[in-house]
């Protein structure tokens, strides 16, 4: 068993060296010949069967909170495991209330908290990823910095930020889908979106109709082969450049209608049901069908 001795000798007096703690010293003259490097890792060992998580790094920074997640919170537990007295609980309640007031000290921060909370609710309702929520919160903050919120509803800007991000990242969400779950009406959303698009110069291009196909096919209970056939119809329309200015969801629904009714193994769908999933009129479906027949 190693007793801490080394085979090396002191460079000054040729004495015996011994390891003590983090240093290697000479037993004769006390010269420190070497010092171990500092360990920057945690001071505990981690095991798979541990019930407690001792990580102290905290949550990562996020743009979906007005303070980027840097502020602390006073919890409701006692921490020590012992039961708190009534006087101590009242004192912690006062501290918690004053702490929350200090954390949100201005009206601008209060508006951000409200807007970010609404964005979180919208992205959850629309089943959007966390990255979309982060970008929408960042866009909302940019609009606030440019003083675009003055005279407009916070709910409308929150919904417009979510819709604008869906447009910029080419994520298939229609305006009506956002309005259905938003706390703002369509006019408020359009007003806020126009302000974002004009003042911030958003890079919102046309939406590819093929992005709507998987979701619409799932709602209409159509097979993947029909979806693939509808995708070919959409590509035909795009190659002939005849879908410009048309509702991309309506184009996708019309192509699904044609593919479903052309398939001999499918019972087919109606124009009304195809228009319902895309929130367009059956007349829009029929006009797209005529374009497809002409191609």
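If you take the residues of segment 238-276 that are assigned to a loop (DSSP other than H, G, I, E, B) and more than 18 Å from residue 227 (Cα to Cα), which of them is farthest from the chain's Cα centre (by Cα)?
Step one: list which residues in segment 238-276 are assigned to a loop (DSSP other than H, G, I, E, B), which gives 240-247, 263-270.
Of the ones still in play, those that are also more than 18 Å from residue 227 (Cα to Cα) are 240-247.
Values: 240: 36, 241: 34, 242: 35, 243: 31, 244: 31, 245: 30, 246: 30, 247: 27 Å.
So, considering only residues that are assigned to a loop (DSSP other than H, G, I, E, B) and more than 18 Å from residue 227 (Cα to Cα), the one farthest from the chain's Cα centre (by Cα) is 240.
Within segment 277-292, can you find the residues that are under 13 Å from residue 212 (Cβ atoms) and in a helix (DSSP H, G or I)?
Hits for segment 277-292 are 277, 278, 288.
Does residue 172 satisfy being at pLDDT below 90, within 26 Å of residue 115 (Cα to Cα) and surrounded by 14 or more Cβ atoms within 10 Å (Cβ to Cβ)?
Details: at pLDDT below 90: yes; within 26 Å of residue 115 (Cα to Cα): yes; surrounded by 14 or more Cβ atoms within 10 Å (Cβ to Cβ): yes.
Against the criterion (at pLDDT below 90, within 26 Å of residue 115 (Cα to Cα) and surrounded by 14 or more Cβ atoms within 10 Å (Cβ to Cβ)), residue 172 qualifies.
Name every residue in segment 245-271 that is closer than 23 Å to residue 178 by Cβ and surrounded by fewer than 18 Cβ atoms within 10 Å (Cβ to Cβ), in order of residue number.
Listed by number, the list holds a single entry, 245.
Restricting segment 103-129 to residues that are in contact (Cβ under 8 Å) with a residue 24 or more places away in the chain and within 9 Å of the chain's Cα centre (by Cα), which is surrounded by the most Cβ atoms within 10 Å (Cβ to Cβ)?
Selected residue: 123.
Among the residues of segment 184-210, which ones are part of a loop (DSSP other than H, G, I, E, B) and under 9 Å from residue 156 (Cβ atoms)?
Here is the first cut: in segment 184-210, the residues part of a loop (DSSP other than H, G, I, E, B) are 184-185, 200-208.
Selection gives 184, 185.
Just one of (1) in contact (Cβ under 8 Å) with a residue 40 or more places away in the chain; (2) not in a loop (DSSP other than H, G, I, E, B) trips up residue 232, so point out which.
Here residue 232 meets the rest and fails (1).
The values are calculated or read from the model by the stated rules, or taken from the named source; none is laboratory data. Since the structure is predicted, the reported quantities are computational estimates derived from the model, not experimental observations. Cβ: placed from backbone, ideal geometry, glycine included. Neighbour counts: every protein chain shown.
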